[in-house]
1. Across the range 102-119, what is the total count of residues that are within 8 Å of ligand 4 (Cβ to nearest atom) and either at negative phi or without any contact (Cβ under 8 Å) to a residue 12 or more places away in the chain (or both)?
2. In the range 69-82, is there at least one residue being surrounded by 15 or more Cβ atoms within 10 Å (Cβ to Cβ) and more than 16 Å from ligand 3 (Cβ to nearest atom)?
3. Considering only residues that are farther than 21 Å from residue 129 by Cβ and touching a Leu at 6+ places or on another chain (Cβ under 9 Å), look in the range 52-77 and name the one that is farthest from ligand 4 (Cβ to nearest atom).
4. Within the bounds of the range 118-135, is there any residue that is modelled with pLDDT under 95, closer than 24 Å to residue 44 by Cβ and more than 10 Å from ligand 2 (Cβ to nearest atom)?
5. Checking the conditions here, which among 88, 61 is modelled with pLDDT of 95 or more, in the same structural domain as residue 122 (by TED's automatic domain parsing), of a type in the set (Lys, Arg) and closer than 30 Å to residue 118 by Cβ?
Amino acid sequence: MLKCAAILAGGGAILGGIVKVTRLLTLLGFPVLLLLSGSALAQTAPTAPILLMGAPMGAVKFDHTAHLKVAGKCEICHHASKPEKPLKATQEACTDCHTNPATPPVTTKLQAAFHNPTATAGLCIDCHKTQNSQGRAAPVKCADCHKKNNG
Ligand code: HEC
Ligand code: HEC
Ligand code: HEC
Ligand code: HEC
């Protein structure tokens with residue numbers, strides 16, 4: 001499926017544009033997200049918030065625009081390619097590789113890619129704690145990130 005979407009996306013670019021490909025994929029019943037997953041087009045940060053699904057207590061809404069002002073660069077979150085499973089794109093979706101349960105050869109499962117079981121540490125939490133100690137109001141409680149009404 002992913003390969004197929006990437007090939008369609010490549011062909012579409014030659015034929016004249018993302019809009020056409022998006023329409024085509026929608027017509028074919030592919031989620032538009034597949035267009036971005038692992039495709040060479042995925043080079044700029046999404047402007048609309050991303051919904052990270054999976055946790056029973058609700059999806060997490062992640063907004064690049066707000067975060068880039070604080071994080072500064074992509075590499076803060078999008079780590080370099082690792083030999084166990086090389087990246088297909090510089091900013092490939094975390095969920096391509098980090099799943100529940102972990103999919104070998106990757107050993108870091110979905111939750112661990114973002115935080116430890118008690119959500120006291122991890123990529124998202126560490127920065128939120130640091131920022132909060134400097135007067136910001138970044139979420140550290142489960143229900144402030146995982147919200148049922150996020151979908
Ligand atoms: C604070 C953390 C963070 C920073 C900084 C960040 N990203 Fe992301 N990015 C994410 C997360 C989380 C996702 C969602 C991954 C998923 O859906 O599995 C994501 C997804 C993406 C995707 C969509 C991937 C796909 O195939 O669906 C692209 C493209 C992307 N980021 C590009 C960028 C670029 C370019 C920058 C720097 C200008 C950047 N990101 C900076 C956390 C970050
Ligand atoms: C192409 C696959 C792939 C993608 C995409 C990917 N990772 Fe990873 N990640 C790995 C591999 C391989 C490791 C090494 C450890 C392992 O095997 O789990 C790793 C390790 C980690 C670790 C453990 C600490 C470390 O650096 O070793 C964290 C945290 C992590 N990834 C978070 C993320 C986040 C957040 C994203 C998206 C912004 C992401 N990863 C995208 C493959 C990937
Ligand atoms: C480089 C630091 C940094 C990293 C890394 C980071 N955040 Fe944040 N995040 C912040 C700050 C600062 C705020 C509060 C922004 C403000 O004060 O308005 C925030 C706010 C949020 C919010 C609340 C947004 C709102 O509209 O209220 C969510 C949700 C969130 N972050 C999720 C995440 C997730 C998920 C990750 C990991 C993929 C992550 N963040 C990684 C700094 C960071
Ligand atoms: C800063 C935001 C943030 C906070 C706070 C947070 N989480 Fe998460 N959590 C995430 C993100 C992002 C993911 C990966 C996407 C997903 O599964 O929703 C995740 C994933 C998970 C998963 C994995 C779901 C699966 O399918 O494997 C569990 C379980 C989880 N969180 C539980 C918790 C608990 C319990 C707390 C509080 C003790 C908590 N989280 C606090 C952002 C957060």
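The values are calculated or read from the model by the stated rules, or taken from the named source; none is laboratory data. In this text, all values refer to a predicted model and were calculated from it rather than measured experimentally. Here Cβ is always computed from backbone atoms with ideal geometry, including for glycine, and neighbour counts include all displayed protein chains.
1. Number satisfying all stated conditions: 8.
2. no
3. Out of the qualifying residues, it is 74.
4. no
5. 61
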